[in-house]
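What follows is a single structure, written as structure tokens, with notes after it.
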Amino acid sequence: LKLQFLYFIGEHHTKLNKMPATGILYGHAFSQPCRSVQWYLDYSDNTAVERKVVDVLGGEQKAAEYVAKFPQHQVPGFEMEDGFCFAESLAILKHVVQGDETLKPGCPKEEARLNEYFGRHYSQVRKFSTEVIFAHLFAKDAEKTQAGLVVIKPQLESYNETLGKQNYLLGDKLTLADFLFAPEVDQLAWVGPETLAPYPNILKYLERLTSDVKGYKESFAGANTALGL
């Protein structure tokens with residue numbers, strides 16, 4: 001009886017954890033951190049989270065009503081059902097992913113690798129890719145764009161080598177690292193089709209996401225549409 005009770009509790013707890021997150025996601029398709037969260041919601045068939053577009057290209061994130069909820073006037077932002085608001089894509093992803101066993105690290109070593117990438121993502125991948133895109137799309141500065149591509153080259157070479165050995169960023173299993181990494185890297189193609197040509201394994205990885213992982217293709221298409229590309 002005790003074992004049956006424990007099994008019931010464990011099964012019930014698992015079912016509770018698999019309840020989809022609810023709330024409101026504020027974002028814009030151009031923003032790569034927003035795309036990370038939106039892509040996961042599509043991937044997991046989460047229709048319980050309402051999505052509200054914030055026109056960041058028009059400055060809507062600086063409106064008083066938005067700043068009252070998100071003082072750093074950034075996207076994405078997430079509002080829980082009780083009105084609690086918080087920002088940062090990684091924090092939001094961790095919140096909406098709770099209970100998804102498919103993305104859960106299989107052991108402490110896998111979790112360590114995942115956390116290691118989280119640290120690198122913001123200080124290296126996102127920082128450098130954002131500088132390239134802003135120089136290209138908004139500053140229209142070819143010199144700064146090319147300089148940015150030189151800076152990010154060692155990172156891309158490293159990940160290109162890694163992806164030559166495995167299907168996804170941290171192995172042969174999709175993880176949160178992929179939801180963060182792919183939207184930052186694929187946008188480099190906006191500079192020109194030759195930008196990612198030196199990194200064939202990254203291109204194959206993006207093609208794999210397009211064909212095999214639900215929501216990714218639509219996420220990238222949404223960014224192109226938002227920019228009129």
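Note on region 39-115: with neighbouring protein chains present and a 1.4 Å probe, carbon and sulfur make up 50 percent of its accessible heavy-atom surface. Calculated [222 nm] ellipticity per residue, helices only, for the chain: -16500 deg cm²/dmol; basis is -39500 (n - 2.57) per DSSP H run with n ≥ 4, divided by all residues, nearest 500.
Antiparallel beta bridges, as assigned by DSSP with both residues in the chain, represent about 60 percent of the total such bridges. Surface composition of region 135-208: carbon plus sulfur atoms hold 53% of the accessible area, using a 1.4 angstrom probe and ignoring ligands, DNA and RNA. Summing charges over neighbours of Phe128, with a neighbour being any other residue whose Cβ is under 15 Å away from its Cβ, gives +1 when K and R count +1 and D and E count -1. Among the GluC sites (Glu not before Pro) in region 75-111, those located in a DSSP loop and surrounded by at most 16 other Cβ atoms within 10 Å of their own Cβ are Glu81, Glu88.
For the Cα trace of region 78-229, dividing Rg by the Kirkwood Rh returns an Rg/Rh value of 0.97.
Counting only protein heavy atoms and a 1.4 Å probe, the chain has 54 square angstrom of accessible area per residue. The Rg/Rh ratio of region 17-159, with both radii computed over alpha carbons and Rh defined as the Kirkwood radius, is 1.00. Within the chain, the selection of entire DSSP H helices by a Cα span of 15 Å or greater along the long axis and an average Kyte-Doolittle value of at least 0.0 returns 176-186. Size of region 120-198 from its Cα atoms: along the principal axes, largest to smallest, the extents are 38, 22, 18 Å.
The values are calculated or read from the model by the stated rules, or taken from the named source; none is laboratory data. In this text, all values refer to a predicted model and were calculated from it rather than measured experimentally. Using ideal geometry, Cβ is built from the backbone for each residue, glycine included, and neighbour counts are taken over all protein chains shown. SASA here: full protein model, heavy atoms, side chains in, ligands and nucleic acids out. Shrake-Rupley method; radii C 1.70, N 1.55, O 1.52, S 1.80 Å.
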